[in-house]
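What follows is a single structure, written as structure tokens, with notes after it.
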Amino acid sequence: MNVLFVDDEQAILDGYRFLMHQFRRQWTSFYACSANDAIDILSREAIDLVISDMRMPGIDGAELLAIVRERWPGVTRIVLTGQADQAAMMRAIPEAHQFLSKPCDHVTLTEFIQRVAILRAQTMSDDLLQIAGALPTLPSAPKVYNAIMSALRNENASIVQIARIVESDPTLSARVLQLINSSYYGSGKRVSSIAVATQLLGLDFIRTLTLACHVFQSSTSTEHKLWLDSFQEHSLTVARTMMELARQDDKEVWFAAGLLHDIGENVLRTRISSNDHAAEDILRNHKGLHARIGAYLLGSWGISMPIVEATALHHTPWLAVGEARRISSLLFAIEVSVNEESLVDVPPEFLPEVEECLTNIPASFLAEGVA
Ligand SMILES: [Fe+2]
Ligand SMILES: [Fe+2]
């Protein structure tokens with residue numbers, strides 16, 4: 001994997017250089033002291049991951065990542081920000097896959113690079129790209145999602161503006177209100193304004209819901225509609241269970257991961273007609289393909305990295321490290337508990353971890369027995 005570090009402070013770049021020397025056999029690193037320098041390197045080298053500082057003279061981190069998104073959409077984009085950069089961070093939200101807070105210690109940084117490498121191996125490998133290419137066109141992100149993203153790119157974007165976009169989609173509006181007023185979200189008061197709901201749920205959450213609504217909505221065949229009902233029920237139940245188990249800070253991400261983890265399953269079902277045997281074979285021969293296709297799609301739509309990781313690894317959580325391992329292990333355990341996964345292929349050393357997750361799943365979830 002090729003990693004590009006961008007920072008206007010030479011001392012920080014030297015620190016990265018020193019750190020990455022130990023990992024030179026695994027990763028090749030490049031260093032740029034300005035956005036222009038970075039663009040030069042990106043034009044010459046096949047970069048996989050850009051880690052950029054936010055504050056730089058001239059083109060800053062958010063602007064640089066916007067350029068990278070446009071010109072090199074396959075590159076993973078990370079921005080490092082300090083506490084004081086709230087306004088700049090808002091601008092970077094639609095451009096970055098993940099934020100790291102500055103200063104970032106070496107253990108956090110290298111574990112993070114490792115997570116990106118694992119995720120890219122799952123979602124950008126040649127075999128997957130070939131399968132994705134063989135399927136009839138993959139869906140694009142919904143219009144309302146794109147509208148939210150482009151509003152966020154505008155420096156003066158406000159919650160009110162985002163709320164207006166949400167309001168323009170009745171299904172989405174209904175879902176947002178349903179969610180905020182449901183007992184499991186636990187806001188404790190009745191909310192009937194989309195603007196208030198958007199504020200309470202947060203922009204990231206609204207983005208996820210936009211995608212989920214889109215996925216649960218579209219179907220023409222009766223057979224698929226029936227399947228979609230149980231799929232939606234499964235996704236929502238997993239999302240609720242994840243939220244119940246999450247710490248306060250993780251609730252949004254865990255809920256979103258639960259909601260979207262099987263998104264690839266629906267994509268594959270929608271794309272593959274029942275008499276398409278070649279495609280059926282692809283599905284049968286590639287266990288866990290829905291996880292990788294789903295993550296590939298979410299990644300290409302710019303969804304934040306922890307959600308994409310959880311989706312990619314929810315049938316192979318033993319490949320994950322750090323935070324990604326916690327979320328994907330739990331998702332895996334939930335899949336096991338509803339018989340969508342078995343323990344047969346689990347490496348023996350991972351069994352205690354999955355067993356511990358299984359004991360944490362609330363009995364109420366198991367009682368619902370959704371499949
Ligand atoms: Fe699932
Ligand atoms: Fe799954």
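Checking the condition over 16 Å from Leu4 (Cβ atoms) and free of Cβ contacts under 8 Å to residues at least 12 places away in the same chain, which residue from Pro103, Pro57 passes?
Result: Pro103 is the single residue among Pro103, Pro57 that is over 16 Å from Leu4 (Cβ atoms) and free of Cβ contacts under 8 Å to residues at least 12 places away in the same chain.
Need the failing condition index for Leu226 against (1) of a type in the set (A, V, I, L, M); (2) farther than 22 Å from Leu152 by Cα; (3) within 16 Å of ligand 1 (Cβ to nearest atom), just the number.
It fails just one condition, (3).
Output the residues belonging to segment 303-337 that are more than 16 Å from ligand 2 (Cβ to nearest atom) and more than 21 Å from Leu268 (Cβ to Cβ). I'd like the intermediate steps shown before the answer.
First pass over segment 303-337, keeping only residues more than 16 Å from ligand 2 (Cβ to nearest atom): 303-306, 321-323, 325-326.
Passing the criteria: Ser304, Met305, Pro306, Val321, Gly322, Glu323, Arg325, Arg326.
To keep it simple, each residue is scored yes or no on (1) part of a loop (DSSP other than H, G, I, E, B); (2) touching a strand residue (DSSP E or B) at 6+ places or on another chain (Cβ under 6 Å); (3) modelled with pLDDT under 75.
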position: Gly133; (1), (2), (3): no, no, yes
position: Pro139; (1), (2), (3): yes, no, yes
position: Gln161; (1), (2), (3): no, no, no
position: Arg164; (1), (2), (3): no, no, no
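Considering only residues that are of a type in the set (S, T, N, Q) and under 25 Å from Asp126 (Cα atoms), which ones fall in segment 1-32?
Within segment 1-32, Asn2, Gln26, Thr28, Ser29 qualify.
Would you mind listing the helices (runs of 4 or more DSSP H) fully within segment 1-74 where at least 3 residues are among the aliphatic types (A, V, I, L, M) and touching an Asp or Glu at 6+ places or on another chain (Cβ under 8 Å)?
61-71
Of the residues Phe112, Phe99, which is among the aromatic types (Phe, Trp, Tyr), crowded, with 16+ Cβ neighbours inside 10 Å, at pLDDT 85 or above and closer than 21 Å to Met20 by Cβ?
Being among the aromatic types (Phe, Trp, Tyr), crowded, with 16+ Cβ neighbours inside 10 Å, at pLDDT 85 or above and closer than 21 Å to Met20 by Cβ holds for just one of Phe112, Phe99, which is Phe112.
Being at pLDDT below 75 and either outside the structural domain of Ala88 (by TED's automatic domain parsing) or crowded, with 16+ Cβ neighbours inside 10 Å (or both) is the requirement here; does Ser182 meet it?
yes
Can you tell which of Thr123, Thr208 is touching a Gly at 6+ places or on another chain (Cβ under 9 Å) and modelled with pLDDT of 75 or more? Can you show your working first?
On the way: Thr208 fails: touching a Gly at 6+ places or on another chain (Cβ under 9 Å).
None of the other options fit; the residue is Thr123.
Considering each of Ile334, Ile327, Ile307, Ile293 in turn, give the residue that is part of a helix (DSSP H, G or I), in contact (Cβ under 8 Å) with a residue 12 or more places away in the chain and farther than 25 Å from Pro94 by Cβ.
On inspection, the qualifying residue turns out to be Ile334.
Of all the residues that make up segment 239-268, how many are part of a helix (DSSP H, G or I), away from ligand 2 (no atom under 13 Å from the Cβ) and more than 16 Å from Ser337 (Cβ to Cβ)?
Residues meeting the conditions: 10.
Inside segment 100-116, can you point out the residues that are over 20 Å from the mean Cα position of the chain (by Cα) and part of a helix (DSSP H, G or I)?
If the condition is that a residue be over 20 Å from the mean Cα position of the chain (by Cα) and part of a helix (DSSP H, G or I), then His106, Val107 are the ones that fit.
Just to check your reading of the model, which residue among Ile113, Ile51 is in contact with a Phe, Trp or Tyr (Cβ under 6 Å, 6 or more places away or on another chain) and not basic (Lys, Arg)?
Criteria check complete, one pass: Ile51.
The values are calculated or read from the model by the stated rules, or taken from the named source; none is laboratory data. Keep in mind that this is a model prediction, so the values were computed, not measured. Note that we place each Cβ from the backbone using ideal geometry, even for glycine, and neighbour counts take in every protein chain shown.
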